[in-house]
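Computed from the coordinates by the stated procedures, all read-outs in this text should not be read as laboratory data. It should be emphasised that the depicted structure is a prediction, and the values quoted were computed from it without experimental measurement. Here the Cβ positions follow ideal geometry from the backbone for every residue, glycine too, while neighbour counts run over all protein chains shown.
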Amino acid sequence: ERRTNNRKIIERNGPMDHNCDPSEVLANFKIVLVGNSGVGKSSILERFIFDTYDGQKPVTIGVDFHSKSVKLSDSSVIRASFWDTAGQERFRTLTPSFYRGAHGAIIIFDLGNRESFESLEKWFQEIQTYTNRPDLVRLLIGNKLDLEARQVTRDEALRFARLHKLLYAEVSAKTNEGVNHSFYELFEKIYSNPNVWINDGLTEAGAVRLNSRGSEPRKPACSCG
């Protein structure tokens, strides 16, 4: 547990598959998750990291920090470090440090909650204001695909994503539909553009400078942990 600006940061490390060698980690990708409170940010992350779902999960207070090592389609191993912050206004004092050094951002809304979709512009502008990386890769996720009554159409969400040049996916943290694929699409997109991460090296244990790797397109791969 750590504290930043008097706010609690909870750190949790996800499992690493025995096929992953920690010494082979090429890069640490910092990924921030934003969106209105209650859209399922933490549930999506828990599903990806631990393959679990808790329908009664409490609202995030402060910041949750998770990490997981994954293997990409060319067998390169990266560590994804996720910063999951509360959506309430009273936690916005965390904003500058939350975004600093991020390589990717996931903006999440609830397909069954129109207000969460209408708030996307606010979250997009916040990312634009506080990130210091022009090539930041951004993924828009519509969560709760399992709900029968949706208030946001796929076409509406796609229009927003295209307007702001975002990747887009619809997922269900509850059923796990689309979750892994959306995360790997983000990782592969970041990895395929070395300008986003190549000068950072590793920011955690085993700090090294990275050599340039090819940037050819890569297809999604299975998880490494």
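Checking the cross-link pairs LYS30/LYS189; LYS30/LYS144; LYS68/LYS122; LYS68/LYS144; LYS165/LYS189 against a 19 Å limit on the alpha carbon distance flags LYS30/LYS144; LYS68/LYS122; LYS68/LYS144 as lying beyond it.
Residue by residue, the stretch 125-132 carries 3J(HN,Hα) couplings of 5, 5, 4, 4, 6, 9, 7, 10 Hz when phi is fed to the Karplus relation 6.51 cos²θ - 1.76 cosθ + 1.60 (θ = phi - 60°); x denotes Gly or Pro. Once you put a point 7 Å from the Cα of LYS165 and another 7 Å from the Cα of GLN151, both along the Cβ direction, what distance in nm separates them? With each label point 7 Å from Cα toward Cβ, the separation is 3.1 nm. Full extension of the chain between GLU115 and TYR130 gives 3.1 nm of extra length, using 0.36 nm per residue less the Cα-Cα distance.
If R0 equals 30 Å, the separation of the Cβ atoms of ASN193 and THR52 corresponds to a calculated FRET efficiency of about 0.45.
The amide H of ALA27, built 1.01 Å from its N in the peptide plane, has ARG79 as neighbours under 5 Å, considering only residues 5 or more places off or on other chains. Taking amide H positions as modeled 1.01 Å from N, with prolines and chain starts lacking one, no residue 5 or more places away or on another chain lies under 5 Å from SER119.
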